[in-house]
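Comments concern the structure below.
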Amino acid sequence: MKTKSRAKQLYWKPSYVDLDAMYPPLASAGIHFDDWDAWDDPFNISYRQYIDVQAKKELGFHPVRDAFERYNGDQHVPARWYDGMKLAFPFLQTAEVAAGRAHARTARYAPAPALRAAAFYQSIDEMRHFQNHIYEMRTYNQADSGFDNWASWRDNHFSMGPARYIYEDLMNCDNIFESIIALNICVEVVFTNLIFVGIPSVGALNGDTAMAQEMLTTQSDETRHMAIGQSTLRTLLRDDRNVEQLQYWLDKWFWLQHRAVAGPVGLIPDYFAKRKYIPYQQMYQRYVIDNFIAGMVDDLAEFGLKQPRFLEDAKAELPDYSHTLYRTLFQYKNVLFNKMFVPDEHDMEFFTEGYPTFEANHGKFWDEVRAGDPKDLSQLPMLCQMCGMPCVFPVPERANVQCSMYENNAYWFCSNGCKYIFDHEPYRYAHRVTMERTLNGLDVPEIREKMGLAPGLGGLLTADKDI
Amino acid sequence: MARKTFVWLSGRKRPPSEYEELSTGIQWSGLPVSETITGQWREDSTLLSTDWNAFRDPAGMYYRNYVVGQDAVEKQLDAVYALASDADFISGLDPTWRESLTVLIGTMSFAQWGMSMAMQHVMRFTLSPTVACAVQLQIMDKLRAAERSVEWYELLNPDYQPDSLFRAWDEIECIQPLHRYIEEVLVEADWGEVIVAINLVLAGLLEPFLRELYIKGGRAQGDFTTAALGTHLAKDATRQVAWTDAFLAQCAADDANAKVISAWVDRYLPLAAAAIDAVVEAYPLDGIGPRAAAVARTECRARLEKVNVTLTDHVAAALAVEGDLS
Amino acid sequence: MAEADVEALLIYGRAPGSENPPLLMNPPPDWTVKFFTKLGQRNLNVKLAPPVIAVRASDGTVLDPEMTLAEIGMLPYEMIEFRSAG
């Protein structure tokens with residue numbers, strides 16, 4: 001089998017139209033590189049090899065998923081797990097679609113031929129991923145029809161706002177190198193091990209072998225994507241005129257992915273997993289901080305790249321991240337499409353053992369819930385203009401809400417990181433209208449209607465089967 | 001018990017296919033979340049206007065059935081190429097055929113690649129999720145066509161110089177109208193126009209032309225490899241024809257769209273026909289070339305009529321075929 | 001005197017120590033800051049130690065409790081933070 005790409009040699013410089021018309025400079029504006037044709041080739045895969053490898057992977061994944069359905073695997077999965085997956089999968093699916101479309105643009109318009117060739121395969125990989133995630137939702141839907149309108153949640157629900165804000169923005173980037181830093185580095189190098197390797201372990205422990213297999217097979221494609229990211233970063237850093245721009249993008253997108261990806265993901269091992277693996281804080285330490293920061297970023301220090309500006313802010317949030325987000329969503333359970341539950345004794349023990357500040361920061365909240373206070377809120381929270389998350393971090397009682405004034409309007413942010421990004425690019429982000437503004441003044445039934453929540457969706461999960 | 005499906009596919013007599021469940025609901029609408037020049041998906045990105053979510057690919061392709069299906073056919077073509085090489089069928093080919101073929105196959109690699117590149121633009125900006133899925137897989141088909149063409153070129157021409165492919169694409173006179181056509185489409189922003197210019201018009205002529213040339217020419221010359229390549233690429237192209245014609249027929253049900261599509265056909269078809277004719281003139285290949293061009297015109301015309309394009313005199317003249325095709 | 005036809009205000013309210021996130025409120029413009037401070041705390045499920053002040057969050061200005069919300073001239077979607085002055 002021929003394994004080397006032959007199509008790479010088929011890029012040509014135009015004879016009948018301007019080079020700038022065929023490859024508009026917008027796609028790389030501000031980035032310096034001497035000879036795009038000599039761009040370092042991240043990998044050299046042929047169609048033949050791609051099809052062969054990927055067909056084999058399909059054979060490995062689908063039988064596991066089919067068996068899970070056929071043999072009623074859902075009966076061995078706690079009810080709460082499904083409610084977690086209702087949040088996770090529409091989110092992931094949105095990210096993959098946006099990534100695929102972003103790299104369609106890279107494949108067409110990147111200034112370097114080798115990068116265009118690599119993006120071809122990434123773009124179709126993302127199709128595989130978004131379809132794999134839908135396969136999962138199809139499977140879940142048989143056991144729990146709360147997945148049946150996932151596209152509507154993505155379009156209308158405030159909890160999916162971060163997915164739209166961050167992944168669509170990644171797709172909307174003018175500069176393909178920003179998309180690459182945002183996606184290939186800050187999602188795929190930094191966070192996908194957390195999602196697609198860490199979380200499957202949790203899933204398998206909780207009986208969801210189909211999801212575990214789906215995540216792992218999705219991750220198997222990420223090696224290619226990481227290679228694109230790493231080679232792009234290394235290559236561009238050789239020209240020190242690029243350092244400032246690349247540093248900004250690293251700072252920006254690390255923070256945004258810490259919000260969009262790492263926030264919701266934390267709910268899974270800490271809360272929606274009835275059987276516990278390890279505390280989320282430890283997973284983050286292992287897969288993100290140790291792997292990425294100590295690994296890659298320190299490597300790139302010789303080129304002048306510093307670790308992400310808001311890394312210490314991210315670390316500082318970790319003892320509370322999942323707990324703050326879970327508590328907040330709990331208060332909005334009546335306007336969610338998934339159910340929320342009260343953590344039981346086993347959960348509380350796990351939290352107090354794994355998180356030394358849990359009792360001090362969150363204990364009182366849950367004591368009051370157990371004493372009968374539902375903590376329900378009838379209005380949506382203030383949502384961060386930048387990331388779309390509620391402005392509640394690190395803990396609601398001491399939320400680090402930030403403000404910027406721009407064109408005589410006040411904009412609010414959940415963190416220093418989100419404010420920093422907005423202040424750099426206010427024209428890009430000022431026109432978003434966060435959902436609590438459009439739904440303000442409506443009562444819970446009206447909010448539910450506007451977000452397309454059919455009766456029976458959301459609320460409190462009271463029966464969680466043992467496994 | 002029937003499978004539960006998603007809300008937007010429910011309530012129909014026939015349950016949705018796996019294709020539909022995997023390809024619909026995937027693209028969102030609404031105000032863009034950020035203001036960049038590139039933007040999100042814009043209604044004004046094409047002159048066409050239709051229910052973007054209504055389109056379905058008649059071939060029903062999605063990632064899984066695509067890779068599994070293509071893996072099977074790639075194994076077939078592997079065997080053909082291996083035999084051609086291992087049993088040295090190549091040195092037995094007629095030298096004139098081999099020389100012509102080398103130029104044609106080599107330069108057509110660029111055409112296939114260029115069509116793939118044009119489709120990347122469509123994929124990024126199309127307003128229809130199901131068009132995006134069909135286009136993504138077409139991009140891969142064209143990648144296959146390009147790579148298999150280059151592979152065959154290398155086998156036919158083992159002493160090729162590193163830049164010989166480029167020089168052929170850039171310098172051979174009869175290829176330039178095709179080369180120019182593709183470049184001019186590559187800089188068009190309207191993705192609907194690109195679908196018409198590439199999939200309906202250029203591919204509408206080029207795919208049947210190459211099919212006839214490769215298969216009939218290969219058969220006449222005892223060159224089973226070229227015939228096999230032609231068969232495989234033609235089979236892949238049937239999916240492209242299916243989705244394109246279904247999409248444009250859906251659009252053309254509306255008069256305003258039909259006018260827009262007809263205007264695009266009027267602009268591009270004479271250029272595409274002239275590009276094919278230039279190749280035929282230089283490579284008549286004992287009459288196979290002109291016959292292939294005639295078959296291509298007949299098939300293209302039939303497609304245009306099916307999609308409800310108004311054939312202007314200009315277009316009708318470009319598609320005119322002399323004599324019968326028997 | 002005819003009542004001025006003034007649109008309701010859109011103001012975020014927050015209170016450090018509240019377990020609730022900042023919430024968007026629609027107080028009538030003729031409410032005083034003092035009255036809004038009392039109701040705002042209730043909305044935010046918090047009872048701060050008196051004396052409680054209202055601060056314009058965008059610039060830290062302490063608001064005059066006797067002024068009406070219309071008179072203080074906040075922009076739409078600005079935030080008032082309720083704090084213990086002690």
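Structure values in brief
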quantity: Chain C: trypsin sites (Lys or Arg not before Pro) in DSSP coil with no more than 15 other Cβ atoms inside 10 Å; calculated: C:Lys47
quantity: Per-residue mean of C-beta atoms belonging to partner chains within 10 Å, peptide A:55-62; calculated: 3
quantity: Net length gained if the chain between A:Arg70 and A:Val243 were fully extended (0.36 nm per residue, minus Cα distance); calculated: 57.0 nm
quantity: The protein assembly as shown shape via C-alpha gyration tensor axes, a/c threshold 1.5; calculated: prolate
quantity: Segment A:7-324 - percent relative contact order, Cα under 8 Å, separation 6 or more; calculated: 23 percent
quantity: Charge dipole magnitude, Cβ of K and R +1, D and E -1 - chain B, Cα centre, debye nearest 20; calculated: 1380 debye
quantity: Distance from segment B:265-326 to segment B:183-258 (C-alpha centre basis), Å; calculated: 13 Å
quantity: For segment A:1-124, diffusion coefficient by Stokes-Einstein and Kirkwood Rh (Cα), 10 °C, 1.306 mPa s, µm²/s; calculated: 88 µm²/s
quantity: Å³ per residue enclosed by the Cα convex hull of segment A:231-332; calculated: 99 Å³
quantity: Computed over segment A:156-222: relative contact order in percent, which uses C-alpha pairs under 8 Å that are six or more apart; calculated: 23 percent
quantity: Cα Rg over Rh - segment B:18-132, Kirkwood; calculated: 1.14
quantity: Rough spin-label spacing in nm, given labels placed 7 Å along Cα→Cβ, for B:Arg180 and B:Thr312; calculated: 1.8 nm
quantity: Between segment A:334-353 and segment B:1-78, the Cα center-to-center distance that results, in Å; calculated: 36 Å
quantity: Extended-chain gain in nm, criterion 0.36 nm per residue less alpha-carbon gap, A:His424 and A:Ala29; calculated: 140.5 nm
quantity: Spin-label model distance (nm) - A:Leu19 vs C:Phe35, 7 Å beyond Cα toward Cβ; calculated: 7.0 nm
quantity: Extension gain, B:Ala274 back to B:Gln161 (0.36 nm per residue minus Cα-Cα distance, nm); calculated: 37.7 nm
quantity: Pairwise Cα inverse-distance average, inverted: Kirkwood Rh of chain A (Å); calculated: 23.1 Å
quantity: Estimated dipole of segment A:239-306 in Debye, rounded to 20 [Cβ of Lys and Arg +1, of Asp and Glu -1, Cα centre]; calculated: 660 debye
quantity: Rg/Rg_globular for segment B:60-319, with Rg_globular taken as 2.2 N^0.38 Å and Rg from C-alpha atoms; calculated: 0.98
quantity: Within straight-line cross-link reach of A:Lys8, aspartates and glutamates at Cα separation under 17 Å, skipping those fewer than 8 residues along the same chain; calculated: A:Asp35, A:Asp37, A:Asp40, A:Asp41, B:Asp141, B:Glu147, B:Glu151, B:Glu154, B:Asp163, B:Asp170
quantity: Candidates per GluC sites (Glu not before Pro) in chain C, loop by DSSP, up to 15 other Cβ within 10 Å; calculated: C:Glu3, C:Glu7, C:Glu66
quantity: Overall form of segment A:78-164 per C-alpha gyration tensor (a/c, 1.5; a/b vs b/c); calculated: prolate
quantity: Share of alpha-carbon pairs per 5 Å distance bin for segment A:142-211, given as whole %; calculated: 4, 14, 14, 16, 20, 20, 9, 3, 1
quantity: For segment C:11-84: Kirkwood Rh in Å [reciprocal of mean 1/r, alpha carbons]; calculated: 11.9 Å
quantity: Three-way shape call for segment A:145-267 based on the alpha-carbon gyration tensor, with the a/c threshold at 1.5; calculated: oblate
quantity: Proxy reagent accessibility, fewest Cβ within 10 Å first, across A:Lys4, A:Lys252; calculated: A:Lys4, A:Lys252
quantity: Average Cα contact separation per residue, chain B, under 8 Å, 6 or more apart, as relative contact order %; calculated: 21 percent
quantity: Computed [θ] at 222 nm, helices only, for the protein assembly as shown once each DSSP H run of length n ≥ 4 contributes -39500 (n - 2.57); calculated: -16500 deg cm²/dmol
quantity: Most positive-pole-ward Cα, C:Ala85, C:Pro65, C:Leu48, against dipole of segment C:21-86 from beta carbon charges; calculated: C:Leu48
quantity: Residue mean of other protein chain beta carbons inside 10 Å, C:74-83; calculated: 3
quantity: Semi-axis lengths, Å, segment B:127-212, gyration tensor of Cα atoms, sqrt of 5 times eigenvalues; calculated: 27, 17, 12
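Where a number appears in this text, it was derived from the coordinates with a stated rule and is not lab data. What you see is a predicted model, and the numbers here were worked out from it, not measured in a lab. Counting neighbours? That spans all protein chains shown, and the Cβs are built from the backbone with ideal geometry, glycine included.
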